[in-house]
Amino acid sequence: MATSAGPPDAARRRELARLALDGYLSGPGAPVRATARALAKIDHAVAVVLVEGISDQIAVETAAAGRGRDLDAERVVVVPIGGAHAIGRFLTRLGPLHRRVRLAGLCDLPELEIVRRGLADAGVGAVRTRADLADLGFFGCVDDLEDELIRAVGVGGVEAVLAAQGDLGSLRTLQGQPAWRHRRPEAQLRRFMGSGSRRKSRYARLLVEAAVARGTLPPPLDALLTAVDER
């Protein structure tokens, strides 16, 4: 069953969010601009969501908009920090601020040890298990966000999105290459969507939209939105 679209103005909110997100994707300086834009809002935030990169930010903001939420109005700021290895440095940069806002985050489980050390060193809390991570508002993708989205939408669903974007032929070319010909479809799709930051970011938005429409938002994204929802 598809998730409810939310309040009457949800469609307009989604469209405005899409326009804003599309603005992130232009030019090589997009990640820097996205981070600067987020940091400019932090002083007035009640919650700060730390994510590894711009595609994760786009996914979180798209998921929120798809559920009729306005993170700006809620004063929830999603900050791409430039990789899990930067979390300790970023929390140090926030200083006392990180103690007065509600922290949350999204990471890849292979980076759990890096996130654990960063949170512990900054005094946020001790993390030994995935459950500890969730207790602190941080949620891990099994491999990465692309893997979660492919599983949520399904191989056929992802290919339908690619076809709508005119990219299915390019995927078939990759699938015919000797190095990828016998790999699982999920691995082929991850490789295709991860080849280039612009493609990765664009499909983060499109696949989250598809998952929201199906009511199959990946569990880490779903849990993260719940953790920062005080409505």
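A Förster radius of 22 Å combined with the Cβ-Cβ distance from Val142 to Thr173 puts the calculated FRET efficiency at roughly 0.20.
In the range 10-227, the inverse of the mean reciprocal separation of distinct Cα atoms equals 17.8 Å; this is its Kirkwood hydrodynamic radius.
Amide H contacts under 5 Å for Leu103: Val48, restricted to partners 5 or more places along the chain or on a different chain, H placed in the peptide plane at 1.01 Å from N. For Ala163 and Ala86, the difference between the fully extended length at 0.36 nm per residue and the C-alpha to C-alpha distance is 24.1 nm.
For the range 24-126, the spherically averaged projection of the C-alpha convex hull amounts to 6.6 nm². Placing a pseudo-label 7 Å from each Cα along the Cα-to-Cβ vector at Ala187 and Arg130 gives an inter-label distance of 2.1 nm. Using equal-weight Cα scatterers in the Debye expression, the normalised intensity of the range 106-231 in log10 at q = 0.10, 0.18 Å⁻¹ is -0.38, -0.97. Spin-label pair Trp180-Ala40: with each label point 7 Å from Cα along the Cα-Cβ axis, the two points sit 3.7 nm from one another. Take 200-206, 125-131, 54-60, 169-175 and order them by the average number of nearby Cβ atoms within 10 Å per residue, most first; the result is 54-60, 200-206, 169-175, 125-131.
No value in this document is a laboratory result; all are computed from the given coordinates. Just so we're clear, the structure is a prediction, and the values are computed from it rather than from any experiment. When we count neighbours, we look across all protein chains shown, and the Cβ atoms used for this are built from the backbone with ideal geometry, even at glycine.
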